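Notes follow once the structure below has been shown.
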Amino acid sequence: MRVYVPLTLPGLAEAHRTGELGTEPLVAYAVTPALREWYLSDDIEELEYAALNRAALASLRRLAADPDAPRRRVVVAVDVPDGAAMPDPDRGLDPAALGEVRVTGPVPLAKAAAVHADAADAEDDVAAAVTALPAADDGDDDAQFVVDGAEDHELLWYATQEIPALVHLA
């Protein structure tokens, strides 16, 4: 099963150093039944793109918690064994948790298929989105517009061999 793990550049650097993507249970995003129902598509590529975008939003939240991290969203696409990633049954109906899964067991960085990250030209919009996130969460439409502005930047695709160059940015 393909899951999308939200990180920051310092988080990616830590994963590169340790060889693992965090501690379990690891929060990630995947094509879940709730995400399928919400997105209303049977196209697996569209559904995976939706899961990637959910992980990008979670990366934005991680940036909000780390004021020293470079303002670039980072998502690692990794394949885990079937059954290793399960939705949280207590959050199944929570719109904020669409596509969210908990991954049990170690998740080696070596299992990563790719890394998706913002380009340098996204930093100003991502920084503004991080600042606007609390107000957007409180229902402020103008702040939500600013948060959505970060989504206007497509995450770039990086091969796993490019991780050392990415962590150098941290």
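Points to keep in mind about this one:
- Convex hull (Cα only) mean projected area of the chain, reported in nm² to one decimal: 9.4 nm²
- Solvent-accessible area, 1.4 Å probe, carbon plus sulfur percent, for the chain: 53 percent
- 5 angstrom amide H check on ASP88, placed H, neighbours 5+ away: ARG102
- Excluding ligands, DNA and RNA, the accessible surface per residue across the chain is 52 Å² with a 1.4 Å probe.
- Overall form of the stretch 59-147: oblate. Here a/c, set by the Cα gyration tensor axes a ≥ b ≥ c, is 1.5 or more, and a/b is not larger than b/c.
- Summarised as an ellipsoid, the stretch 22-85 has semi-axes of 24, 15, 10 Å, derived from the eigenvalues of the Cα gyration tensor scaled by 5 and square-rooted, with the largest first.
- Inter-probe distance in nm under a simple model that places probes 7 Å from Cα toward Cβ, at MET86 and ILE44: 2.3 nm
- Applying 1/(1 + (r/R0)^6) with R0 = 25 Å to the Cβ-Cβ distance of GLU24 and ALA96 gives a FRET efficiency near 0.70.
- Rounded, prolate or oblate (a/c below 1.5 giving rounded, otherwise prolate when a/b exceeds b/c) for the stretch 101-155 by Cα gyration tensor: oblate
The values are calculated or read from the model by the stated rules, or taken from the named source; none is laboratory data. Note that the structure is predicted; figures quoted are calculated from it, not measured. All Cβ positions, even for glycine, are placed from backbone atoms using ideal geometry, and neighbour counts span all protein chains on display. Each accessible area value is taken on the protein alone, full model and side chains, heavy atoms only, with ligands, DNA and RNA left out. Shrake-Rupley method; radii C 1.70, N 1.55, O 1.52, S 1.80 Å.
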